[in-house]
Amino acid sequence: MQHHQPERIAEVVNQVRDILTDYYAEPTNRPPIQFHSKADMIAAFDEPIPPAEGIGLTGAIDLVRDKVLPTAVKTWHPLFLNQMFPGASMPSLMGEMLASMMNPTLATWEMSPSGTIIERNVIRWMARLLGLPEGSGGILLPGGSISNLLALTVARNTRLDKDIALKGMAGVSKRGAILCSDASHYSVANSANLLGIGKEQVIKVATNHRNEMLVDDLLVKLDECDTRGLIPFALVATMGITVTGGFDPLDEIAPICRERNIHLHVDAAFGGLMSLSHRGQEIFKGVEYADSAIWDAHKWMQVPLTCTALMVPDPKVLKQVFSSNADYLYHPQMVNTAQTDDLGQYTILCGKRFDSLCLWMLMKAFGENHYRNLVNARMEFMCDLTGLFNDDPDFQLSYEPRSPLACFQFRPPSLEDAPVTYRDNLHRWVRDQSQRNNLAMYNIARLKNEDHFRAVFINPLTTVEDMRNLLEEMRNLAYTYLRENPR
């Protein structure tokens, strides 16, 4: 590690400032994607041998400016509609930089006293906003997948067998099952694999046209569990379904879980912010009965990847499941409170980043009402967008959207009797050409055995006019495909 003089630090900061101003301040000064072939990217970046001599910090920063940024996807662009994260907001960027500068671990109180309390605050704030009971808390984790894994670990250890942490799965006579919809996130199946439950014991419940769980089929699947001798110890309700943005009927699911003593896990990784919308109380009715819930701050809340809140009604359950006896790390405290307890005892992580600073700075800079206004504005946008689609002769929505995420198809009357494979090929070609022409980044999703365009609209910079222009570009591409590929 080098010691840098103040004037040297100022020089580097000014260099980075110029890059930030050029790249970040004007979201549309570059297209959302600047397409390069895989061969070109390998030729530009593949380096089997590390450099023997360095080029200095300013030289390395120049390389990022001149080579990396021109090939990077611009996630803050209004036409980046591909994933569930629209870049990062300025307060969170500053939080990321300052947290990295301090470089603490939030595993122990003594390494980060202020950080420990800040994370406790942030978790309590998110639990309150989501509608969990008073006293709820938890832990921030690097992403929704690991958060689902830890939540289902809690479910397994508390509902399937309380001695499982000591005995392991080999000592468990009961076979457990996890129920979720057939549209739930793939991390549920991965968790079953890692937990020793087995993917075959992930029981998939049928869904409606919007990929939302059908309660009638849930009851059928529970009867099937009884027939197979399986103990359904956990049920995952997805609030903000990955492909469609829909919501499982939580208010109907929650009483079933309570009646059968099933751990109810609410995966609100994407949809958590909808709890602040005008329709939020209706959508999230029943969340107060959740045994665990997750919410990704790196999605709508514009925190840098990755920052997920795992929340439970009683945070002590996390400590009961994950605490260790690492006495070289965790030391007895003269005074120990819920706010000052070592966070590392509540998770499997040992090194724990100060991710809460990003979210804390956003809340301090903008306040809770900023997010209420954001989600309501995005839903107003979705109403206007629905009107745009309703008036369009060629494009149609695949369902009525319930959040700022929509699937849609190019379906002029001439394509109604076309084979599904022909329509699928058209959709995939249009998306490929959109990227090659640097127009926009949106996705393709398989919905009810057919390809659909899929776009995420949580970026507050995305306007209806942006979408009107994009649909025209997509229309031109689609008709080009029809001319060049007659049936």
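The values are calculated or read from the model by the stated rules, or taken from the named source; none is laboratory data. Treat the numbers as computed from the prediction; the structure is a model and nothing was measured. With ideal geometry, Cβ positions are generated from the backbone for all residues, glycine too; neighbour counts draw on all protein chains shown. What goes into the accessible areas is simple: the full protein's heavy atoms, side chains included, and nothing from ligands, DNA or RNA. Shrake-Rupley method; radii C 1.70, N 1.55, O 1.52, S 1.80 Å.
Quick notes on this one:
- Failed item in (1) assigned to a helix (DSSP H, G or I); (2) small (Gly, Ala, Ser); (3) surrounded by 14 or more Cβ atoms within 10 Å (Cβ to Cβ), with residue 107 passing the rest: (1)
- With respect to the stated conditions, residue 480 fails to be of a type in the set (S, T, N, Q), touching an Asp or Glu at 6+ places or on another chain (Cβ under 8 Å) and open to solvent by 20 Å² or more (accessible area, probe 1.4 Å).
- Filter pass, residue 387 being out of contact with any Pro (no Cβ under 6 Å at 6 or more places or on another chain), modelled with pLDDT of 95 or more and on the phi > 0 side of the Ramachandran plot: no
- Residue ID - nearest to the chain's Cα centre (by Cα), chosen from residues in region 310-363 that are farther than 19 Å from residue 164 by Cβ, assigned to a loop (DSSP other than H, G, I, E, B) and small (Gly, Ala, Ser): 351
- Per-region count, region 237-252, residues part of a loop (DSSP other than H, G, I, E, B) and touching a residue at least 40 places away in the same chain (Cβ under 8 Å): 8
Okay, residues lined up against (1) of a type in the set (A, V, I, L, M, F, W, C); (2) modelled with pLDDT of 95 or more:
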site: 35; (1), (2): yes, no
site: 71; (1), (2): no, no
site: 76; (1), (2): yes, no
site: 85; (1), (2): yes, no
site: 105; (1), (2): no, no
site: 118; (1), (2): yes, yes
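- Of all residues in region 77-103, those satisfying the criterion of being hydroxyl-bearing (Ser, Thr, Tyr) and surrounded by fewer than 22 Cβ atoms within 10 Å (Cβ to Cβ) are 89, 100.
- Residue match in region 446-465 (condition: outside any loop (DSSP other than H, G, I, E, B), more than 20 Å from residue 398 (Cα to Cα), without any contact (Cβ under 8 Å) to a residue 60 or more places away in the chain and out of contact with any helix residue (DSSP H, G or I) (no Cβ under 8 Å at 6 or more places or on another chain)): yes
- Selection status of residue 306, assigned to a helix (DSSP H, G or I), open to solvent by 10 Å² or more (accessible area, probe 1.4 Å), more than 15 Å from residue 375 (Cα to Cα) and polar (S, T, N, Q): no
- Against the test of being at pLDDT 95 or above, assigned to a helix (DSSP H, G or I) and not aromatic (Phe, Trp, Tyr), the options 42, 9 yield a single qualifying residue, 42.
- Among the conditions (1) under 23 Å from residue 443 (Cα atoms); (2) surrounded by 13 or more Cβ atoms within 10 Å (Cβ to Cβ), the only one that residue 29 does not satisfy is (2).
- Hits in region 162-187 - residues which are in contact (Cβ under 8 Å) with a residue 12 or more places away in the chain, among the hydrophobic types (A, V, I, L, M, F, W, C) and surrounded by fewer than 22 Cβ atoms within 10 Å (Cβ to Cβ): 165, 169, 172
- For region 188-222, filtered to residues that are of a type in the set (S, T, N, Q) and out of contact with any Asp or Glu (no Cβ under 9 Å at 6 or more places or on another chain), the residue that is most open to solvent (accessible area, probe 1.4 Å) is 193.
- Region 258-283 - residue that is within 23 Å of residue 460 (Cα to Cα) and either among the basic types (Lys, Arg) or assigned to a loop (DSSP other than H, G, I, E, B) (or both) and, of those, most open to solvent (accessible area, probe 1.4 Å): 278
- Only one of the listed residues (344, 367) is more than 24 Å from residue 281 (Cβ to Cβ) and not basic (Lys, Arg). That residue is 344.
- Check on residue 246, on the phi > 0 side of the Ramachandran plot and buried (at least 24 other Cβ atoms within 10 Å of the Cβ): no
- Flag for residue 72 being of a type in the set (A, V, I, L, M, F, W, C) and under 18 Å from residue 304 (Cα atoms): yes
- Filtering region 190-211 for residues that are in contact (Cβ under 8 Å) with a residue 60 or more places away in the chain and touching a Ser or Thr at 6+ places or on another chain (Cβ under 6 Å) leaves a non-empty set.
- Complete set of residues in region 436-469 that are under 20 Å from residue 34 (Cα atoms) and open to solvent by 30 Å² or more (accessible area, probe 1.4 Å): 436, 437, 438, 439, 443, 461, 466, 469
- Exactly one residue out of 92, 145, 136, 112 is within 19 Å of the chain's Cα centre (by Cα) and in contact (Cβ under 8 Å) with a residue 60 or more places away in the chain: that is 92.
- Residues of region 32-56 that turn out to be over 21 Å from residue 439 (Cβ atoms) and either of a type outside the set (D, E, K, R) or surrounded by 10 or more Cβ atoms within 10 Å (Cβ to Cβ) (or both), as a count: 13
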